[in-house]
Amino acid sequence: MSAPTIPGFLLFLLLHLCLFHTKTLRVQALTSPTDISALKSFKASIKPSSIPPWSCLASWNFTTDPCTVPHRTSFTCGLTCNPDSTRVTQLVLDPAGYSGTLTPLISQLSQLTYLDLSDNSFFGPIPYSISSLSNLQTLSLRSNSFSGSVPVSITNLKSLDSLDLSHNSLTGFLPNSINSLSNLRRLDLSYNNLTGSLPKLPPNLLELALKHNSLSGYLSNSSFDGLTQLEVVELSENSFTGTLQPWFFLLPSLQQVDLANNSLKRVEVWKPAGGNSNLVAVDLGFNGIYGYLPVNFASYPLLASLTLRYNRIRGKIPLEYSKNKFLRRLYLDGNFLIGKPPAEFFAGGTSVSGSLGYNCLQGCPASSQLCAPSQKPNAMCKHAYGHHGDEKPRS
């Protein structure tokens, strides 16, 4: 008796089922073993008690392959892999309050382009081995509790476009080799405990934020040399001193400057070349600036906000300030300004807001919000200028 034959359509179906099963088995082990090892070490370095059951890390179940798609129950978030699902290219954690250290084995994720651990509770040093992530374009460790210095090795990340280490507890100096990050466009190290002076900065920066540190010294032209694309400078709440020199406001792409709460003593301002400038906002409040108001600020055609409040500035308010039609916010309160403020500030239809209060002005209309708070007592003004009340400050 001959063996029963299998109908053709059933044979076709069986072959396809076998092929599908083979492909399924192959898909289950796509991710690079070194990447899996690094991810296991990353999760093991985080306190289990700080991993909420609803969080991304809670779904990292290594009985399944991290890069296998679709992610139905495991690795539902936090990771992105390359198109062929073999290498991890992005590690972006949710702000779930994870607490732990950043494992040095993070360096094994050599194809990583994006690393974001922001708004958690990581602590300890940033590992030196992070320099092995040669493809990294974005590094954000913002709002954690990282301590120690900014590792010099971080300047080996030549592909880095954005570096945000703000709101941590970092100490020490900025690496002198930070200018070697030639692709860096955004640098934010605000709200740390960094000390020392500014080194030479990366040449292609668009945004620089180092506010609320303990940086000191002079703002040197050599630090900003060649920064033709720099638009935003935020250096408030530090201890910078000396004279802010004319080259600073002539940086060709400069738009916003915040140098409030430092120890600057003088400001020198030149007119922009050809009358062209993108400068929109300047804050130099709460320094120790003395001398007269720089009249050349009025020559910056797009300047909309100027703050020089609570310094030691004397003399009269330049009439030119009232002629700049773009100027909308003007804070000059807390100085030793004298004379009558320009009448144009109080004309009907004027849109200037701010404060000229707590100076030594005469004829500042009490009915105008611009004149609040009230002026300094006469005795204080006389002491500043001498008993004759002239414009020349006492020596």
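The values are calculated or read from the model by the stated rules, or taken from the named source; none is laboratory data. All figures in this text were calculated on a predicted structure; none of them were measured in a lab. All Cβ positions, even for glycine, are placed from backbone atoms using ideal geometry, and neighbour counts span all protein chains on display. Each accessible area value is taken on the protein alone, full model and side chains, heavy atoms only, with ligands, DNA and RNA left out. Shrake-Rupley method; radii C 1.70, N 1.55, O 1.52, S 1.80 Å.
Among the listed residues Ser197, Ser216, Ser223, identify the single one that is surrounded by fewer than 15 Cβ atoms within 10 Å (Cβ to Cβ), farther than 23 Å from Ser159 by Cβ and at pLDDT 95 or above.
Ser197
Evaluate the following for Phe173: is it surrounded by fewer than 19 Cβ atoms within 10 Å (Cβ to Cβ), under 26 Å from Ser143 (Cβ atoms) and touching a Ser or Thr at 6+ places or on another chain (Cβ under 9 Å)?
yes
Of the numbered conditions (1) more than 14 Å from the chain's Cα centre (by Cα); (2) surrounded by 17 or more Cβ atoms within 10 Å (Cβ to Cβ); (3) in a strand (DSSP E or B), Pro203 fails exactly one; give the number of that condition.
So Pro203 meets the others, but not (3).
Which members of segment 355-369 meet the condition of being over 17 Å from Ile313 (Cβ atoms) and not in a loop (DSSP other than H, G, I, E, B)?
First, the residues of segment 355-369 that are over 17 Å from Ile313 (Cβ atoms): 363, 365-369.
Matches in segment 355-369: Gln369 only.
Name the single residue that is most open to solvent (accessible area, probe 1.4 Å) among those in segment 138-159 being among the hydrophobic types (A, V, I, L, M, F, W, C) and touching a Pro at 6+ places or on another chain (Cβ under 9 Å).
First, pick out the residues of segment 138-159 that are among the hydrophobic types (A, V, I, L, M, F, W, C): 139, 141, 146, 150, 152, 154, 157.
Then keep just the ones that are touching a Pro at 6+ places or on another chain (Cβ under 9 Å); that gives 146, 150, 152, 154.
Details: Phe146: 1, Val150: 8, Val152: 83, Ile154: 4 Å².
Looking at the filtered set, the residue picked out is Val152.
Of all the residues that make up segment 130-167, how many are of a type in the set (Gly, Ala, Ser) and touching a Gly at 6+ places or on another chain (Cβ under 8 Å)? Break it down into steps so the answer makes sense when it comes.
Going residue by residue through segment 130-167, those that are of a type in the set (Gly, Ala, Ser) are 131-132, 134, 140, 143, 145, 147-149, 153, 159, 162, 166.
Then keep just the ones that are touching a Gly at 6+ places or on another chain (Cβ under 8 Å); that gives 147-149.
Of the residues in segment 130-167, 3 are of a type in the set (Gly, Ala, Ser) and touching a Gly at 6+ places or on another chain (Cβ under 8 Å).
Given the residues Leu337, Leu306, Leu327, which is the only one that is surrounded by 21 or more Cβ atoms within 10 Å (Cβ to Cβ) and more than 17 Å from Ser353 (Cα to Cα)?
Of the residues listed, the single one that is surrounded by 21 or more Cβ atoms within 10 Å (Cβ to Cβ) and more than 17 Å from Ser353 (Cα to Cα) is Leu337.
Looking at segment 262-277, which of the residues that are farther than 24 Å from Tyr191 by Cα and open to solvent by less than 40 Å² (accessible area, probe 1.4 Å) is modelled with the lowest pLDDT?
Among them, the one singled out is Gly275.
Of everything in segment 358-373 that's open to solvent by less than 90 Å² (accessible area, probe 1.4 Å) and polar (S, T, N, Q), which residue is farthest from the chain's Cα centre (by Cα)?
Only one residue fits best here, namely Ser368.
How many residues does segment 278-296 contain that are over 23 Å from the mean Cα position of the chain (by Cα) and surrounded by fewer than 22 Cβ atoms within 10 Å (Cβ to Cβ)?
In the first step, residues of segment 278-296 are kept if they are over 23 Å from the mean Cα position of the chain (by Cα); the result is 288-296.
This time we only want the ones that are surrounded by fewer than 22 Cβ atoms within 10 Å (Cβ to Cβ), so: 288, 290-292, 295-296.
Count: 6.
Consider segment 333-346. How many of its residues are assigned to a loop (DSSP other than H, G, I, E, B) and either in contact with a helix residue (DSSP H, G or I) (Cβ under 9 Å, 6 or more places away or on another chain) or among the basic types (Lys, Arg) (or both)?
4
Failed condition for Gly97, given (1) open to solvent by 20 Å² or more (accessible area, probe 1.4 Å); (2) modelled with pLDDT of 95 or more; (3) over 25 Å from Ser132 (Cβ atoms); (4) out of contact with any strand residue (DSSP E or B) (no Cβ under 9 Å at 6 or more places or on another chain), with all others met?
Unmet for Gly97, out of (1) open to solvent by 20 Å² or more (accessible area, probe 1.4 Å); (2) modelled with pLDDT of 95 or more; (3) over 25 Å from Ser132 (Cβ atoms); (4) out of contact with any strand residue (DSSP E or B) (no Cβ under 9 Å at 6 or more places or on another chain): (4).
Specify the residue that is nearest to the chain's Cα centre (by Cα); the eligible residues are those in segment 138-186 that are of a type outside the set (Val, Ile, Thr) and in a helix (DSSP H, G or I). Please lay out each step first, then the result.
Here is the first cut: in segment 138-186, the residues of a type outside the set (Val, Ile, Thr) are 139-149, 151, 153, 156-170, 172-177, 179-186.
With in a helix (DSSP H, G or I) added as a condition, the list becomes 153, 156, 176-177, 179-180.
Details: Ser153: 20, Asn156: 20, Asn176: 19, Ser177: 19, Asn179: 16, Ser180: 19 Å.
Among residues in segment 138-186 that are of a type outside the set (Val, Ile, Thr) and in a helix (DSSP H, G or I), the one nearest to the chain's Cα centre (by Cα) is Asn179.
Tally up the residues in segment 46-60 that are assigned to a loop (DSSP other than H, G, I, E, B) and either farther than 19 Å from Gln90 by Cβ or at pLDDT below 95 (or both), please.
Filtering segment 46-60 down to residues assigned to a loop (DSSP other than H, G, I, E, B) leaves 47, 51-56, 60.
Right, trim to either farther than 19 Å from Gln90 by Cβ or at pLDDT below 95 (or both) and you get 47, 51-54.
Qualifying residue count, segment 46-60: 5.
Conditions (1) free of Cβ contacts under 8 Å to residues at least 24 places away in the same chain; (2) acidic (Asp, Glu); (3) within 23 Å of Ile154 (Cα to Cα), marked per residue:
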{"position": "His71", "(1), (2), (3)": "yes, no, no"}
{"position": "Ser85", "(1), (2), (3)": "no, no, no"}
{"position": "Ser110", "(1), (2), (3)": "no, no, yes"}
{"position": "Thr113", "(1), (2), (3)": "no, no, yes"}
{"position": "Ser134", "(1), (2), (3)": "no, no, yes"}
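Quick check on this structure: which one of Leu259, Leu251 is open to solvent by less than 10 Å² (accessible area, probe 1.4 Å), under 26 Å from Asn213 (Cβ atoms) and modelled with pLDDT of 95 or more?
Values: Leu251 fails: open to solvent by less than 10 Å² (accessible area, probe 1.4 Å).
Testing whether each residue is open to solvent by less than 10 Å² (accessible area, probe 1.4 Å), under 26 Å from Asn213 (Cβ atoms) and modelled with pLDDT of 95 or more leaves just Leu259.
I need a count of the residues in segment 118-137 that are open to solvent by 20 Å² or more (accessible area, probe 1.4 Å), part of a loop (DSSP other than H, G, I, E, B) and more than 18 Å from Ala38 (Cβ to Cβ).
2
Can you name the residue in segment 177-204 that is in contact with a Leu (Cβ under 8 Å, 6 or more places away or on another chain) and charged (D, E, K, R) and, of all such residues, is nearest to Leu259 (Cα to Cα)?
Of everything passing the filter in segment 177-204, Asp188 is nearest to Leu259 (Cα to Cα).
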